[in-house]
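K.L.:
Following this message is one structure expressed as C-alpha cells.
The values are calculated or read from the model by the stated rules, or taken from the named source; none is laboratory data. All values derive from a computational prediction rather than experimental measurement. As a convention, Cβ positions derive from the backbone with ideal geometry for all residues, glycine included, and neighbour counts pool all protein chains shown. Only protein heavy atoms, including side chains, enter the accessible area calculation; ligands, DNA and RNA are left aside. Shrake-Rupley method; radii C 1.70, N 1.55, O 1.52, S 1.80 Å.
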Amino acid sequence: MPRSYVREARKRVGPKKRRIGPIIDRLKSAHPGATIALRFRNDLELLVSVMLSAQTTDVNVNRVTQRLFEKYRRPEDYLAVPVEELERDIYATGFFRQKTKAIRGTMQMLLEEFDGVVPRKVDDLVRLPGVARKTANVVAAELGEAQGIVVDTHVRRLAQRLGLTRQEDPVKIERDLMKLVPRPDWGVFPHLLIWHGRRVCIARRPLCETCVLVGLCPSSRV
Ligand code: SF4
C-alpha cells in the first residue's frame, strides 16, 4: 500500500488513543464468547495445556489432554512415570521430547520451589523450565492476573492493521499495546483480536464489508 494512502487513512480514522475504547467495545459486542479455547479444570491443567499448545492447535491439545488429565492430576504424577510413558501420552501434540522435558522440569521446580502450586507472577512463571514469556502471559491472564498482553500471530496482524503499532517485534508490539489498552482489558484483549482475526480479519482475505471496525480501521478496504 502506498505510504501517502496509509497516512491519509490514519488521519481519517483519528488517533489510536481515541479509537482504542470503541475498538474494544465493538469487539466485545461482536465476540461475547471470546475466551481461551484450551480446556482445563484447574491451574495445573491450564499450565500444562498452554505448554503443550506450542506449535499445534488448541483442538489437538484438547484431544490429548482429555485423557492426559485423568491420568496426571498432581505435579508428582508427571514425575512418577518413566520419561517414555509421558512422551507417548503427549506424542500427538508434536515436539513431544522437548515438551516432556519441559513439563517434567516444570513439575520438579513447582514441587521444590512453589509447594506444588502454579505461581501467578509472570516473573515466577518464566523461571519454570520451558515456560517462555508468551506462555507465562497466557497463564497469568487466565488466572485473572494479566501482567502483559499476549502477542501471537493474530494479535500482531490485527494490531498492525488497526494502526495500534508500527512494530514487528512481539515484545515491542506488547509494549505499545500495554500503553494503549486499559489494564482491566489486558486479559481479554488478545482473545478479542484472535477471535476477530480468525472470523473476520482473516490474514489473506479480510472481510472488511462485514467488519464492525470499519470506520476505526486505517486498513479497511471499504
Ligand atoms: S476493517 Fe478490514 S482490515 Fe480493518 S479490522 Fe476489519 S477486516 Fe481487518
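K.L.:
Is it the case that residue 82 is of a type outside the set (S, T, N, Q), over 19 Å from the mean Cα position of the chain (by Cα) and more than 21 Å from residue 138 (Cα to Cα)?
P.N.:
Values: of a type outside the set (S, T, N, Q): yes; over 19 Å from the mean Cα position of the chain (by Cα): yes; more than 21 Å from residue 138 (Cα to Cα): yes.
The answer is yes for residue 82.
K.L.:
State yes or no: is residue 135 hydroxyl-bearing (Ser, Thr, Tyr), free of Cβ contacts under 8 Å to residues at least 60 places away in the same chain and under 30 Å from residue 202 (Cα atoms)? Quick ask: steps written out before the conclusion?
P.N.:
Details: hydroxyl-bearing (Ser, Thr, Tyr): yes; free of Cβ contacts under 8 Å to residues at least 60 places away in the same chain: no; under 30 Å from residue 202 (Cα atoms): yes.
When the stated conditions are applied, residue 135 does not pass them.
K.L.:
OK, next. Kindly indicate whether any position in the range 35-44 is assigned to a helix (DSSP H, G or I), touching a helix residue (DSSP H, G or I) at 6+ places or on another chain (Cβ under 8 Å), open to solvent by 70 Å² or more (accessible area, probe 1.4 Å) and modelled with pLDDT of 95 or more.
P.N.:
no
K.L.:
With the structure loaded, tell me whether residue 108 is open to solvent by 50 Å² or more (accessible area, probe 1.4 Å) and under 18 Å from residue 136 (Cβ atoms) or whether it fails that test.
P.N.:
Spelling it out, residue 108 is indeed open to solvent by 50 Å² or more (accessible area, probe 1.4 Å) and under 18 Å from residue 136 (Cβ atoms).
K.L.:
Only one of 130, 144 is open to solvent by 50 Å² or more (accessible area, probe 1.4 Å) and in contact with a Ser or Thr (Cβ under 8 Å, 6 or more places away or on another chain); which?
P.N.:
None of the others qualify; the one that does is 130.
K.L.:
Across the range 109-132, what is the total count of residues that are charged (D, E, K, R), assigned to a helix (DSSP H, G or I) and more than 20 Å from residue 149 (Cβ to Cβ)?
P.N.:
The number of residues fulfilling the criteria is 2.
K.L.:
Additional query: With the condition kept exactly as written, say whether any residue in the range 139-152 is free of Cβ contacts under 8 Å to residues at least 40 places away in the same chain and either under 22 Å from residue 200 (Cβ atoms) or among the aromatic types (Phe, Trp, Tyr) (or both).
P.N.:
Within the range 139-152, one or more residues are free of Cβ contacts under 8 Å to residues at least 40 places away in the same chain and either under 22 Å from residue 200 (Cβ atoms) or among the aromatic types (Phe, Trp, Tyr) (or both).
K.L.:
Just to be sure, is residue 102 under 19 Å from residue 138 (Cβ atoms) and in a loop (DSSP other than H, G, I, E, B)?
P.N.:
no
K.L.:
In the range 46-90, what residues are exposed (fewer than 14 other Cβ atoms within 10 Å of the Cβ), touching a residue at least 12 places away in the same chain (Cβ under 8 Å) and not in a loop (DSSP other than H, G, I, E, B)?
P.N.:
Hits for the range 46-90 are 59, 66, 67, 71, 76, 83.
K.L.:
Here is a follow-up. Just give me the residues in the range 198-215 being surrounded by 14 or more Cβ atoms within 10 Å (Cβ to Cβ) and near the ligand (Cβ under 8 Å from one of its atoms), in sequence order.
P.N.:
200, 201, 206, 208, 211, 212, 213, 214
K.L.:
I'm checking my understanding of the structure. Among residues of the range 166-215 that are among the aliphatic types (A, V, I, L, M), within 17 Å of the chain's Cα centre (by Cα) and outside any loop (DSSP other than H, G, I, E, B), which one is modelled with the lowest pLDDT?
P.N.:
My answer is 171.
K.L.:
May I ask you to list pairs of residues, at least six apart or on different chains, whose Cβ atoms are under 6 Å apart, with the first in the range 190-218 being within 19 Å of residue 19 (Cα to Cα) and of a type in the set (A, V, I, L, M, F, W, C) and the second being near the ligand (Cβ under 8 Å from one of its atoms) and in a helix (DSSP H, G or I)?
P.N.:
Sorted first by the residue in the range 190-218, then by its partner, the pairs are 193/158; 201/158.
K.L.:
Something else: Going through the range 153-197 one residue at a time, which ones are within 16 Å of the ligand (Cβ to nearest atom), open to solvent by 20 Å² or more (accessible area, probe 1.4 Å) and under 20 Å from residue 53 (Cβ atoms)?
P.N.:
Those that are within 16 Å of the ligand (Cβ to nearest atom), open to solvent by 20 Å² or more (accessible area, probe 1.4 Å) and under 20 Å from residue 53 (Cβ atoms): 153, 154, 156, 157, 191, 194, 195.
K.L.:
Exactly one condition in (1) more than 14 Å from the chain's Cα centre (by Cα); (2) of a type outside the set (S, T, N, Q); (3) under 20 Å from residue 24 (Cβ atoms) is false for residue 119; which is it?
P.N.:
Among (1) more than 14 Å from the chain's Cα centre (by Cα); (2) of a type outside the set (S, T, N, Q); (3) under 20 Å from residue 24 (Cβ atoms), residue 119 violates only (3).
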